[in-house]
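What follows is a short report on a single structure.
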Amino acid sequence: MKGVIFDLDGVLVFTDKYHYKAWKSIADELGIYFDEEINKRLRGVSRMDSLNIILERYEGRPLAQAEKDEIAEKKNSIYREYLKTMTADDVTMEVRETLTDLKKKGLKLALGSSSKNAKMILSQVGLEAYLDAVSDGTNITKSKPSPEVFLKAAEFLGLSPEDCVVVEDAEAGIDAAKAGGMTAAGIGDAAGYQKTDIVLKRFSDLKEKIA
Ligand code: B16
Ligand code: MG
């Protein structure tokens, strides 16, 4: 392996609690049932795809695309207010030490996140300096399970996909990595997914499992 591409939410940081709170206030306003279980389905998928999942339980009149855009924008403003409270303490020492170790071994590191807020999050928690490239929701047209975000990350690193391992917590992300011809390492929910090549019980397992 020459490069490691990290998903953000659920791998390097945990922003799903903020996604949940922001979507919950939107759902409450629209009178839609929404809970933590439904929130799990939003992991790794784009903002509009997330809204469409929430709207599966909407019983009001059909919404025009412009109205959906407005709702998604409102959710994002609420979400970004939560992101402003993030600090360096939102990244564990385990993550920082593992990233440092992988860099010392000569591996190139990149981000591969569906989020359009990825750069803001990296800056809030001070992770930018660890990464050689950032591919996120601002440079793609298709979200995971399309491999686009990871193929761009490999391209930004100047590496071929076969030389990269993707670290993911979501099944959609593992599917994306495999579709892109990369090795897929799964953590959290993705650790038990049948398509996962490398099972990570914890983040620091990367030090032994990637050579
Ligand atoms: P935004 P990841 C994903 O991040 C989140 O898991 C997912 O819940 C969210 O809808 C998506 O980013 C888009 O985020 O609204 O900030 O553009 O796991 O790909 O790092
Ligand atoms: Mg994720």
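The values are calculated or read from the model by the stated rules, or taken from the named source; none is laboratory data. As the structure is a prediction and not an experimental result, all values here were calculated from the model. Reconstructed Cβ throughout: ideal geometry from the backbone, glycine too, with neighbour counts over all protein chains shown. SASA here: full protein model, heavy atoms, side chains in, ligands and nucleic acids out. Shrake-Rupley method; radii C 1.70, N 1.55, O 1.52, S 1.80 Å.
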Roughly speaking, what is the centre-to-centre gap between the stretch 1-80 and the stretch 130-181 when only Cα atoms are used, to the nearest Å?
21
Report the local net charge at Gly44: Lys and Arg +1, Asp and Glu -1, summed over other residues whose C-beta lies under 9 Å from its C-beta.
-3
Within the chain, longest stretch free of exposed trypsin sites (Lys or Arg not before Pro) [DSSP loop, at most 13 other beta carbons within 10 Å]
1-83
Using each residue's phi in the stretch 53-66, evaluate 6.51 cos²θ - 1.76 cosθ + 1.60 at θ = phi - 60° and report the 3J(HN,Hα) Karplus result to the nearest Hz, with x for Gly and Pro.
5, 5, 6, 4, 9, 7, 10, x, 5, x, 9, 6, 4, 4
Quantify, in whole percent, the carbon and sulfur part of the accessible surface of the stretch 59-115 (1.4 Å probe; protein heavy atoms only).
52
Around Ala118, under 11 Å between beta carbons, what's the net of Lys plus Arg minus Asp minus Glu among the other residues?
-2
Do any of Lys74/Lys144; Lys152/Lys207; Lys75/Lys108; Lys75/Lys178; Lys178/Lys201 go past 27 Å between their Cα atoms, and which?
Lys75/Lys108; Lys75/Lys178
Near the amide H of Val134, under 5 Å away, which other amide H atoms are found, from residues 5 or more places off or on another chain, if H is placed in the peptide plane?
Leu111
I'd like the Karplus ³J(HN,Hα) series for the stretch 126-131: coefficients 6.51, -1.76, 1.60, θ = phi - 60°, whole numbers in Hz, and an x wherever there's a Gly or Pro.
x, 10, 4, 5, 7, 9
Using the Cα atoms of the chain to build a convex hull, what is its mean projected area in square nanometres?
11.1
Straight distance only, please: which aspartates and glutamates reach the Cα of Lys21 with their own Cα at less than 16 Å, same-chain residues fewer than 8 apart left out?
Asp9, Glu29, Asp35, Glu36, Glu37, Glu73, Glu81
Taking a probe of 1.4 Å, how large is the accessible area per residue of the chain, in Å²?
47
